[in-house]
Each structure stands twice: as C-alpha cells, then as structure tokens.
Amino acid sequence: MTGAPLLSVRNAARHYQSGETVVRALDGASLEAHAGELIGIMGPSGSGKSTLLLICGLLEPPSAGEIYIRDRLVSYPGADLDKLRGFRRDHIGFVFQKANLIPFLTATENVSIALEIADVEARAARGYATQLLGALDLGHRIDNRPSRLSGGEQQRVAVARALANDPPLILADEPTAALDSVRGRQVMELFRRIAVERSACVMVVTHDPRSLDLFDRVIELSDGRILSEPSQPVQAHP
Amino acid sequence: MNLAIKDIRFNLARFALTALGIGFLLMGAIGAIGLYRGIVADALLVIDHIGADLWVVQGERVGPFAEGSSISSTMDRRVEGVEGIASVRRFVQFSQQFSFAGKVRRATITGLDYPRDDGAWFELKAGRHLEASHFEAIADDSVGLPLGATIRLAKDDYRIVGLTHGLVDSAGDGLLFVSINDATAIASRRPSEQVLLARETSGNAAPQGDGASPSSVPQDSKIAAVLVGLAPGADVARIKAAILAWGDTNVLSSAEQRDLLLNQRLWRLRLQILAFASVLLLVTAIVISLIIYTLTMEKLHQIALLKLLGARNSAIVAMILQQAGLIGLFGFGLAMLLSHLTFPNFPRRIVMLPQDLGIFFAILCVICLVASWFGIAQALKVRAQEVLS
C-alpha cells in the first residue's frame, strides 16, 4: 500500500486498573491502514483485539499513544470522545457480532436512521437505504422488521447501516461469529467487495481462519501486543 | 423519523396497557378530588339556590345546617315587618325513612313555604312544581320514586308531581320537597303513647309566672329558619341589628351559612377526602414516574446504538420526552373517558371542574417531565460502546 494511511495507530496502549493489578489490554500497538484494504485482526481471547477496535473506532481513548484518521489527531489519552460523535458518524461504520438492529424499525428504517441522524432528508435517506439493501441482495426484505430476518440477513442489514454514510473506515468485531460457515463466508466476501468497490478500509476482528484468503493482511495480537508485522498482505486482491 | 411513535406502534399493546394503567390511576385521583367537590357542591346546593339573603334562626344558635334550630312557626310574620325586607319564607329540613315498593328509602324532607314558594328556584327533570298546599311532593330522582307514585309519610299519602335531578343534601340523600305545613306534620308525627305521656306531663306541670311560656318558641315547633329576601338598597346591618335585638333569634347571611357548613360541619370529611386524594395523587405520581423511567431504562441499549451511529443528544432527549408525553397524554385521555363513563353511575356526585382537570393535566406534565429527566440523565450517561455489552 502506498500513500497516506487512512488510519494510523501510534504506540496505543489501554490499561485498566483491576484492584491492585493493572490489566494491559493493549500494550503499545502501532499500525497503519489504507483505503481499499481488508484487514483481519486475529488472536486468542483476551489478546486485545476488541480493545484495539474500540480505540480505532473512537469508542475508548487510549491510556497512551495517539490515533490519527486522515492525518488528523483524533484520539489520545483523556480525549473527550463524546465530542467526536459527529466525526465518528461521518468517518467510521461499525458491524458487530450481534447485528444490533432496532427491533421496531424495518430493514430500510434501520439503515436510513443512520442517514437521518446525519441530517439527510427522510425520503432521500429511505431511497438510498433501499438502494443499499438491494445491492446487498435484501431488496425483498426492505419492509421486514429484524424479527422476520434470518441471522445472515440481519447482519447484512447491519453492514448496510455501517455503509450508509459512506464512511472510509469500517470496523467489524466478529461479524460472522453468530453465523453458519456459508453465511459467514458471504459476509466476509461482502466486506471484500466493499473494500474494493468503495475504497474503504475494512478491519475485521475474527477467530475464523476460513476467511483468511479474503484478507489483504492479518494483524495478529497476543497479550495486547501486535505480533505480526502488518506490512505484507496475506494475499493480493485486485 | 419519529422513533417514539415507531416504538409505540411496534409495542402498541404494551403502550395501550400502560396508558390504561395510568388512566385508571389518574381516574382514581380525579375521582377523589371530584368526590370532594361533589360533597361541597351537594352541601351548598340549597344555600346557593334557595335565593335567601339572610337566614333567621333560633337565638344563640347557628342552624339549621351546622346545628339544630327551632323557631316559632309564626316567626315569618314578625320578620316580614322589619323595614327593608322584601320576602320571607319558612324553612325546614330533616331526614326521613319510608317504604316504597317493598324497599326502605331515604330522603331529606324539605319544606316549601307554599304558596310563597312552589319550588320555582330549582329545575325539574319531569312533572311540575307544587300546585297545592297539601299532599303533593317533588322528589329527586336519586330517591328512586317515579313520577305519579304515591308514598305514605306519617299518616298521609303524597303524590309525586315532579322530579328533580342532582338535588341532594350534604350526606347525599335526595331531597323530597313538600309544603311547609306537610313537612311540619310529617316531622311532628308521634306514636299515640308519646302523645298521652306528653299530655300527662303538661297537665301536671306547675304554672310559670303569668302562665305564659318562658320562650317564644313553642316546644313542638318544627320550623328551622326563616329565609329573608332583601329589598333593593336595604341596609343589611340595620336589619340584622333589628332582628338580633329581639333576643330569641340569630341572623346569618348566606355567606356565613356556607362558611359554617364547609368549615364547621364538613371540615373533617373534607380534610379526610383531601388527604386521601393527596395520597392517591402521590401514588399516581410515583407509579407514572416509575413506568416512564423503566421504559427509558429498557431502551438504553438502543440509545447506546443511536450514539454509536452519531445521534445528537437532542435527538435522544426528544425521543424520551415524546414517548413520556404520549403516554401521559393518552393516559389522561383515557382517564377522562373512563371518568365520564363511570362517575355518573357512582352513588355520590363526582364533580370534575375544568380547573381541577387543568391542574391534573399540569401535574401529569410535571410528573412526565421529572420522570423523563431521570431517564434522560441515565440515557446521556450511556456510552456508545455499551452497545457491545
């Protein structure tokens, strides 16, 4: 990858006080991620994967280190992340293990809410949400509430919601954990497509080794530290 | 997109049940205040509508409502002679039980000084006012007598010639109007043995002085008061002073009668009902607050998600306030509906004054706002990452 990184994590650490013990959830991690990359973040439980994602997603400030997005310093120890709500809305999309859809909204509404929050006019938001869902093969499910959707469909709605504001960075925390292998593979292929077609940087925390072939590179974490050097891609993708 | 309405439509049954519960609670509080208002209204019905400027009652007494009063049956003639008095009527009122259609009925017999007073000061629901000085009666429909029915009171039969609605005394017993002479006769009814004993006592009594009664009030008088209507421009103070100078009478204005009734005779009951209404209102406030707070707490995960999506605090606050407001509004609407449907069937009058309902609505708004404020305080504390928990 060349050019300025979209995301730059510099020596980020996250320490928690647990009684008299200091838990080093993340311990001096540095990485750079570029537009169009699909990055896998792997590692055993408690290795700091989710903490890294929270810090990259501006949901937790680091105890030490700095986070840059498009060369702008956005997070540092003591940063007031609540003030970055608008920035997060425009720059970062999230997908989690659970789809976290709002149960009383239809699939379209679950997507368009993200746009309406960003002050997009309601009709235009619904139109774009319908278009996004169609692109994710959910055109026939636009008026269904989450309870009428399968796990895979719910996760694709969550992906559509993450894409709604066209963010340059998409963070996914074990998005396939609740899906069977076929559905899990489909979601990972979707991320691959998003990275390529939208030139978005997609970082996916996963335990699933079956999707390794889809990643541009994999960052491996252990005890809060990055083990593998993320400079070389696992497999080249056009 | 209005998230509050979307949520309500999704959980319509729960919203309806919540609003219904709040409606019932509010209805109870409205009913308690309405009962208080009803008791006051019932108690003041006669005083406010009979059209008397002054009440001449037994000396050293404040009758006939706050305590007993008995004056001469000819007192009206004496009062009529005072300058500045335009009209006089005698008044008597007492409770009576009687049988009709095999059932015991209760009524408060009220004497009308026919022909000076045929009852034109109250509205009839059916029939007519008194047209004869004897054996005609006008009954309130709460007594349960049909028009044209004949009832036996004391030793005479009375025909119901008119029906009223909502004319009751402070205890809630329906009024039964008869002529003052008939009322006196009904009140004077005694068993034969009692008459004989009275004659015996009277025959053995020692003569007092010149043989005249020591009081101008005959012991068997049943007249409680004389109602006075003043001539335009009459000097009230002078008239009162003139009547008080007789020594055997007292004079009270209608305002004084109202005050005596409300603040002497009924004050314990009023206080009791007001205390009960206050407790009910407090319970209502606590329950409504808890409902709204709990509803907000249930949404914390969704609120965290909205924050994650970048929603402004104002959007989250609006959602909570709108939902609380809608619950309050529907609860109040249901309370109104239920109150109007059920209270007319209650045995005592429930008076719902617009100003009371306005105050209830304002209190409800405050409750919703305070409960929402607690919910909002919690919602604003929620961090976006809690969506992961």
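The values are calculated or read from the model by the stated rules, or taken from the named source; none is laboratory data. Everything quoted here is computed from the prediction, not taken from an experiment. Every residue, glycine among them, receives a Cβ derived from its backbone with ideal geometry; neighbour counts consider all protein chains shown. Note: areas computed on protein heavy atoms with side chains; ligands, DNA, RNA excluded. Shrake-Rupley method; radii C 1.70, N 1.55, O 1.52, S 1.80 Å.
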For the protein assembly as shown, the charge dipole (Cβ of Lys, Arg +1; Cβ of Asp, Glu -1; about the Cα centre) points to a positive end, and the Cα of B:Gly102, B:Leu308, B:Leu280 closest to that extreme belongs to B:Leu308
By accessible area of protein heavy atoms, probe 1.4 Å, what ranking do B:Trp373, B:Trp121, B:Trp267, B:Trp55 get, highest first? B:Trp373, B:Trp267, B:Trp121, B:Trp55
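How big a patch of accessible area, both sides summed and in Å² to the nearest 100, lies buried between B and A at a 1.4 Å probe?
Details: alone 20020 and 11220 Å², together 28900 Å².
For B against A, buried area totals roughly 2300 Å².
Quantify how strongly other chains surround peptide B:5-13 by giving the mean number of their Cβ atoms within 10 Å of each of its Cβ atoms.
Details: counts 1, 6, 4, 1, 1, 6, 2, 0, 0.
That works out to 2 on average.
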Just want the answer: with Cβ charges of +1 for Lys and Arg and -1 for Asp and Glu, which residue in B:Gly119, B:Ala242, B:Ala225 is farthest toward the dipole's positive end in chain B? B:Gly119
For the range B:253-344, accessible area per residue (1.4 Å probe, heavy atoms of protein chains only), Å²: 48
Which helices of chain B meet both criteria: a Cα extent of 27 Å or more along the helical axis and a mean Kyte-Doolittle score no lower than 0.0, with helices taken as whole DSSP H segments? B:12-49, B:267-298, B:313-342, B:354-381
The answer for the range B:1-56, accessible area per residue at 1.4 Å probe in Å², is 37
So how do B:47-54, B:62-69 stack up, highest first, on mean other-Cβ count within 10 Å? B:62-69, B:47-54
Hey, how many Å between the Cα centroid of the range B:261-315 and the Cα centroid of the range B:73-90? 57
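Placing +1 at every Lys and Arg Cβ and -1 at every Asp and Glu Cβ, with all other atoms neutral, what dipole size does the range B:257-386 have around its Cα centre, in debye to the nearest 20? The partial results should precede the final answer.
Details: 11 positive and 4 negative charges, 49 e Å.
So the magnitude is around 240 debye.
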Quick one: check the C-alpha center-to-center distance for the range B:318-389 versus the range A:4-36, whole angstrom. 47
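Return the average number of partner chain Cβ atoms within 10 angstrom of each residue Cβ along peptide A:116-122.
On the way: counts 5, 8, 3, 1, 0, 0, 2.
Rounded to a whole number, the mean comes out at 3.
How well do other chains shield peptide B:75-85, expressed as the mean number of their Cβ atoms within 10 Å of each residue Cβ?
On the way: counts 0, 0, 0, 0, 0, 0, 0, 0, 0, 0, 0.
Taking the mean over all residues of the peptide, I get 0.
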Taking the Cα centre of the protein assembly as shown as the origin, how large is its charge dipole in debye, to the nearest 20, when only Lys and Arg (+1) and Asp and Glu (-1) carry charge on their Cβ atoms? 880
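With the contact rule set at Cα under 8 Å and sequence spacing of 6 or more, what percent relative contact order holds for chain A? Write down the numbers at each step before the final one.
Values: 515 pairs, mean separation 64.9, N = 238.
Computed over chain A, the figure is 27 percent.
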Residue farthest toward the positive end of the dipole of chain A, with Cβ of Lys/Arg at +1 and Asp/Glu at -1: which of A:Thr130, A:Pro209, A:Gly151? A:Thr130
Measuring from label point to label point, each 7 Å out along Cα→Cβ, what is the B:Arg189 to B:Arg116 span in nm? 2.7
